[in-house]
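The values are calculated or read from the model by the stated rules, or taken from the named source; none is laboratory data. Here the structure is a predicted model, which means the values were calculated and not measured. Virtual Cβ from ideal backbone geometry, glycine too; neighbours counted across all protein chains shown.
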Amino acid sequence: MASVSSRQDTNSTLKSFKDLGLDEWLANQCNAMGLLKPTPIQLNCIHPILAGEDCIGCAKTGSGKTAAFALPILQKLSEDPYGIFALILTPTRELAFQIAEQFNVLGKPINVRVTVITGGLDMMQQGLNLSVKPHIVISTPGRLADHLDSCDTFNLSKIRFLVLDEADRLIEDDFGAQLETIFKVLPKKRQTLLFSATMTKTLQELQEVALSKPFFWQQQSEVATVESLEQHYVLIPADVKDAYMMHILDKYSEAHPKSSIMIFTSTCKYAQILGMICEELGFNCVVLHSMITQKQRLAALAKFKSNQARILIATDVASRGLDIPTVDLIINHNVPNKPKNYVHRVGRTARAGRVGMAVTLVTQFDIKLVHAIEAFVNAKMTEYKTEEKEVLKILTEVAVARREAEIRLDEGDFGEKKEINKRKRIILEGKDPEEEKQNKKKRIKEKFKRKEHLKKKN
Ligand SMILES: Nc1ncnc2c1ncn2[C@@H]1O[C@H](COP(=O)(O)OP(=O)(O)OP(=O)(O)O)[C@@H](O)[C@H]1O
Ligand SMILES: [Mg+2]
């Protein structure tokens, strides 16, 4: 197994992008985008990547990890342009589009050709896009594995770079089989770059993905979240949670009418219901979760990014990597089960040195989870003051809006269509849906066993 090397750059304040070994055109492009000085992760990782090393980079949310891998890849591409030069894998579709945007802007002077391959969009068109040899392919693992299984019009055997952005999520979550399909067709000789804000626990597995001894850089910090983030909780009875959330939303929006707010909740259905309650109570919002079409997902995000809607209600599908600088409040409608999900959710605000606030709604059932989060982050949340009297005033209105939303969703068979489509797709692929379900269960079990095994080994 590869061992980990770590070097820290001590002379950080003096360096510019050019000093890191990047060509003038790229340094100028950074400046044009407002990136005047490299952030610590860029300062420490760009040079080793340019020197040909594999790299594991771990730095807080909003610290510029995307450019830390995009810049050296673009520089190498400009020296020897061909397609397909680099493959970037990310866990979510919206993140793939966002990374593509960064590559397109930074790589404009060399006319970089970027293609995004994600689920939910036309596979034929994607096949065509892949066949014309783009320089950079940015993809979610599932859809790329589907393409590899079903067509031979493109070839990944010559890629120079493989990037796993949000590497811990890709490795830990249910992407195992798809990654296996992809890794099988990649060349042994390549650079592997792994980035995330949270990957201490999976480090060992990540080192196994990198083929040669990786350069490892981790931002040193006592606290896992950023310093400019205020972190609060509100302790409330579970049955009046929605009313409290609406009260907080109301209070904050009134005090900060130009604010952008992200609300995270546990399930697609709940996200949809909260969206309907918000609309009913006069808040202009959009929802983002996996039970709406990809076109609707991208449209919702575009509306939120352009401030046409000030509130985005989402599941954890939006918790990783999304960079929307205007977001100043995160509301956790539920306490995330995994502490690291909390770090990513609240990391959607207070990015790149900006300030931001997170408010987590805590019920009597969540106390343990909150303690686990505080231990993981190494910081205490403080209480966010709410006014019970004001909550009481909207209690009935919110309860009625919720009941109506539930009825409307049930009448519309929310979620059923997606399940039917999924089964249809599996059948069209010549597979048995039930067998696939069992296989998935097996894979999860095996992954669990592997984890246990690793734990014991350590
Ligand atoms: N050197 C820089 N100077 C100023 N801003 C920068 C610099 N590098 C990146 N940024 C900006 O910082 C923001 C966050 O960058 P990015 O999305 O790459 O963060 P990240 O570390 O990947 O965060 P996450 O862990 O949430 O994915 C972006 O808007 C980006 O344009
Ligand atoms: Mg990122």
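Numerical summary
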item: Of residues in the range 40-63 being in a loop (DSSP other than H, G, I, E, B) and crowded, with 21+ Cβ neighbours inside 10 Å, the one farthest from ligand 2 (Cβ to nearest atom); result: D54
item: The range 149-177, subset part of a helix (DSSP H, G or I) and either at pLDDT 95 or above or within 16 Å of ligand 1 (Cβ to nearest atom) (or both), residue surrounded by the fewest Cβ atoms within 10 Å (Cβ to Cβ); result: E172
item: Number of positions in the range 308-349 that are part of a loop (DSSP other than H, G, I, E, B) and within 16 Å of ligand 1 (Cβ to nearest atom); result: 13
item: Filtered residues of the range 83-93 (kept if away from ligand 1 (no atom under 12 Å from the Cβ) and within 14 Å of L298 (Cα to Cα)); result: R93
item: Scan of the range 225-234 for residues that are crowded, with 21+ Cβ neighbours inside 10 Å and assigned to a loop (DSSP other than H, G, I, E, B), ordered by number; result: T225, V226
item: Residue that is more than 16 Å from ligand 1 (Cβ to nearest atom), within 18 Å of the chain's Cα centre (by Cα) and not assigned by TED's automatic domain parsing to the domain that holds G430, where the choices are G142, G127; result: G142
item: Qualifying positions in the range 72-97 - within 26 Å of K18 (Cβ to Cβ) and crowded, with 19+ Cβ neighbours inside 10 Å; result: P72, I73, L74, Q75, L77, F85, A86, I88
item: Cross-chain or 6+ apart pairs with Cβ under 8 Å, the range 281-296 first and in the same structural domain as S259 (by TED's automatic domain parsing), then of a type in the set (S, T, N, Q) and crowded, with 19+ Cβ neighbours inside 10 Å; result: V287/Q272; L288/T315; H289/Q272; H289/T315; S290/T315; M291/Q272; Q294/T118
item: So K241, is it more than 16 Å from ligand 2 (Cβ to nearest atom), of a type in the set (K, R) and assigned by TED's automatic domain parsing to the domain that holds V317; result: yes
item: Residue match in the range 142-149 (condition: touching a helix residue (DSSP H, G or I) at 6+ places or on another chain (Cβ under 8 Å), more than 12 Å from L74 (Cβ to Cβ) and basic (K, R)); result: yes
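Every residue, every condition in (1) out of contact with any strand residue (DSSP E or B) (no Cβ under 8 Å at 6 or more places or on another chain); (2) closer than 30 Å to N378 by Cα; (3) among the hydroxyl-bearing types (S, T, Y), yes or no:
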| position | (1), (2), (3) |
| --- | --- |
| I41 | no, yes, no |
| A51 | yes, no, no |
| C55 | no, yes, no |
| T61 | yes, yes, yes |
| A67 | yes, yes, no |
| P72 | yes, no, no |
